[in-house]
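The values are calculated or read from the model by the stated rules, or taken from the named source; none is laboratory data. Everything numeric here is computed off the predicted structure, so don't read it as measured data. So basically every Cβ, Gly included, is an ideal-geometry build from the backbone, and we count neighbours across all protein chains shown. Side chains included, ligands, DNA and RNA excluded: accessible areas come from the protein's heavy atoms. Shrake-Rupley method; radii C 1.70, N 1.55, O 1.52, S 1.80 Å.
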Amino acid sequence: AVGRLNTDTAAVITVYDGVLNSNVYGGGEKGFSNGNTYVIVNDGEIKGNIFGGARMAEIDGDTHVNINGGTISKDIYGGNDVSGLISGSTNLNILSSVEGSVYGGGNGSYAYSDKVQGDYWYNKGLSSIDSLNKIRPNIKTSNILIAGTQSKTTYIGGSVYCGGESASVLSTGTAPTP
C-alpha cells in the first residue's frame, strides 16, 4: 500500500520501554511525508535498525533521531532506507551507547537491478549509474552530535559517518555555518 503522511507539525515516535525486534522508521513505507519526523528512544531495546526517515519514500522536511537511553543493537541512520530524498537536514543526537554504526544519511546497500525483483529495481530509461544515483537514499545536510558524561559514557560499537551507507549526500551549493 502507498500512503501519504501530511502534517504541518511532526510525526513523532517515542520509545519508553519494551523490546522492538524490527526496524523503526520516523516516516512511512512507500508514502511521501510532508513535515518533520522524530524518533526518540528514552529506554528499552531496539534489535533492528533505526531510521529517521522512511522506507522507499521522500521526506519533505527534516529528520531527527534522539537516543537518550536504552539498548540499540544495530545501526542508526538519519536518512531513508532503500530510496528517497530528505529535502531538509538529518539530525542525530546520540546520548547513549549504540552497538552498531551511526550514519547521518540513509541505507542504500542493496543489490539494485533493472529487472523487477522485489523492492530493489530501477527504470531502464537511464544508465545504470544514473539510475542508482537517483534511486538510492539521498540527503542534503547531515548533523550528528555524540555526547556523554563521566558518569554516563556513550560508546559507539561501529563507525560514525556523516553520509550514508551506499547513499549520497547531494550538494546544496552552500557550506553550513559551524
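Tabulated data
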{"read-out": "Calculated FRET efficiency for the pair Asp43/Val160, C-beta based, R₀ 25 Å, to 0.05", "value": "0.65"}
{"read-out": "With all protein chains modelled, accessible area of Thr153 [1.4 Å, Å²]", "value": "100 Å²"}
{"read-out": "Solvent-accessible area, 1.4 Å probe, carbon plus sulfur percent, for region 22-70", "value": "36 percent"}
{"read-out": "Long-range amide H partners of Ile156 with built H, under 5 Å", "value": "Val98"}
{"read-out": "Cα-projected label distance for Val19 with Leu170, points at 7 Å along beta-carbon direction, nm", "value": "4.1 nm"}
{"read-out": "For Leu92, distant residues with modelled amide H under 5 Å away", "value": "Val65, Asn143, Ile144, Leu145"}
{"read-out": "Nonlocal amide H pairs with Tyr161, under 5 Å, H built at 1.01 Å", "value": "Val102, Tyr103, Gly104"}
{"read-out": "Cα-projected label distance for Lys152 with Val12, points at 7 Å along beta-carbon direction, nm", "value": "1.9 nm"}
{"read-out": "Net +/- balance of residues flanking Leu92 in space, Cβ distance below 13 Å, scoring K and R +1, D and E -1", "value": "-2"}
{"read-out": "Extension gain (nm, one decimal) between Asn34 and Thr71, 0.36 nm per residue minus Cα-Cα", "value": "10.3 nm"}
